[in-house]
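Working notes for the structure below.
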Amino acid sequence: MNRPVYVEMKNICKTFGVIRANRNINLSVTEGEIHALLGENGAGKSTLVNMISGIYTPDSGSIAIHGKPVRIHSPRHAIELGIGMIHQHFKLVDVLSAAENILLAEEGPPLLFRKKATEKIRKVMEKYEMEMDLSKKIEEMAVSEKQNVEILKVLYRGAKILILDEPTAVLTPQETDKLFGILRNLVKKGCAVIIITHKLNEVMAISDRVTVLRQGESVCTLETKNTNIRQLTELMVGKPVDLSIVRCPAEKGKLLLSVHHLSALGEHGVRVLDDISFDLYEGEILGVAGVAGSGQKEICETISGLYPVEKGEILFQGENIVGLTPREIIKRGISMSFIPEDRLGMGLVASMDMIDNMLLKEYVNQPGVSVDRRFAREKAVRVRDRLDIQTPGIGTPIRKLSGGNIQKVLLGREIDAKPSLLITAYPVRGLDIGASYNIYDLLQEQKQKGVGVLYIGEDLDVLLELCDRIMVLCNGKVTGITDSRCITKEGLGLLMAGESITALTEEVTPCKL
């Protein structure tokens, strides 16, 4: 039976200056369908859905919604057409409740309107089989609850076409399963869902069809049941890609980093790290897993001297470095590199080129008043060639590079410093599949050289394949540290949700640590 076509895009083109983001793209999404959009970074996925949601308008081509040609000129117009966009970064007001966030754009007499509107919200929840405490404030919610508020917000406004951008990026496996259950309920009730994700196993699990984009063009649309991960990867990249991570044997060396009873306070005196203890050895990759905001950022920054410590010790090769600034750590000859989550806010200077960004950690050690840029130029060339950084030249300002290439500049600079300890916070975020696996190889090279690597990641499959041990955080506390060979992805998810490792039975396999 032919189902009604909800979205029909034909020969869509969009350019930004000399950059052709979309070129003759065709896409159709039908009623009751979950349609995945796949493509490397820069393939045009976000630009395409931004035209459906009214943020951009196409330069040429046509869009039809529910069979009627339209020109979507604003996000409000998209909502009126029944299109709802759920962004990766939620658009919610933390101090308001779920109901208040859903009703923010509505107008009417406060008390009477609020009562009727809340009844309408409950009817929407009942229709789509969703559960939520409407009185709960956003700041008190888990990430998955916030996402449900965003979904309910667009459903309340009458959306029948939902677009989700990387919806599982910060969810545990259990939360992902619940989200997929909600999406399946939505399409059963006549909605259509467009999902952008880089997790191919999730594409296979949730989508009915998948459209692959490459270099701004639509390569093909396939029924998910008739394809596989390897074929989709080749279509995205344009060539075969080896998706296996062969973990190098761990030859644990000397104790490199030892953290004892570390605690730190955040805003309003909230404890963001609570009695954290762990060890990291030479030649080891220690992974850190946890939902967003569990203390990953603070662990990295306390070790590197960027975040104040309330109490506890951080021993680097036996020396306590608590209280030292990053500059003092460097002056003491402590060989440590840090790749922060915030590339441009903390790692690099956007207005500078590659050469000057290579100088940032070294210029104070140069004698005299002038700065010799020759070694920085050589380093920039070396990093560019080693990581295949796409740039017009090493003199091009960093801000003009794509997100993935910016990340490569930062990672390349830190690895080239030949550190003993390498701290990496989401090092492949923003990178395409090929570049990501290149980064995994580089990290394993560092491990083989005896470098201790602290790897904060969000892809649990990668953590299990790449890391020797995994430390799991929940609300600033360690819920478990385990050999990666001895736990499942589901087990990690339970630890991320707050279960202690001693409470797990089936998900943790006894093994020699």
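What follows is calculated from the coordinates using simple rules that are stated; it is not laboratory data. This one's a predicted model, so the numbers in the text were calculated from it and none came from an experiment. Don't worry about glycine lacking a Cβ; one is built from the backbone with ideal geometry, like all the others, and counts go over all protein chains shown.
Remarks
- When only the Cβ of Lys, Arg, Asp and Glu is charged (+1, +1, -1, -1), the dipole of the chain relative to its Cα centre reaches about 1500 debye.
- Annotation for segment 269-346 versus segment 1-74: alpha-carbon center distance of 43 Å.
- Share antiparallel - DSSP beta bridges, the chain, percent rounded to 5: 55
- Additional length obtainable on full extension of the chain from S74 to D177, 0.36 nm per residue less Cα span: 33.8 nm
- Sorted into 10 angstrom bins from 0, the C-alpha pair distances of segment 255-503 split as 7, 31, 36, 21, 5, 1, 0 percent.
- As a calculated quantity, the FRET efficiency between R157 and R271 at R0 = 41 Å, using C-beta atoms, amounts to about 0.60.
- Stokes-Einstein diffusion of the chain at 10 °C, 1.306 mPa s viscosity, Kirkwood radius from Cα pairs, rounded to a whole number: 64 µm²/s.
- Derived scalar couplings between HN and Hα for segment 483-488 equal 5, 5, 7, 10, 9, 9 Hz in order, rounded to whole Hz, by the Karplus curve 6.51 cos²θ - 1.76 cosθ + 1.60 (θ = phi - 60°), x for Gly and Pro.
- Placing pseudo-labels 7 Å out from each Cα toward the beta carbon at S60 and S351 gives an inter-label distance of 3.9 nm.
- Helices in the chain, meaning DSSP H runs of at least 4 residues, each add -39500 (n - 2.57). Divided by all residues, the mean residue ellipticity at 222 nm is -9500 deg cm²/dmol.
- In this simple spin-label model, placing a label point 7 Å from the Cα along the Cα-to-Cβ direction at both N26 and L360 gives a separation of 4.6 nm.
- Positive-end extreme of charge dipole, segment 1-148 - chosen from L81, L134, A36 (charges on Cβ): L81
- Distance between the modelled labels on T221 and E139, one decimal in nanometres: 4.5 nm (7 Å Cα→Cβ projection).
- One quarter of the surface of the convex hull around the alpha-carbon atoms of segment 74-175 equals 6.7 nm², the direction-averaged projected area.
- Among G61, G287, I19 the positive-end extreme of the charge dipole of the chain (Cβ point charges): G61
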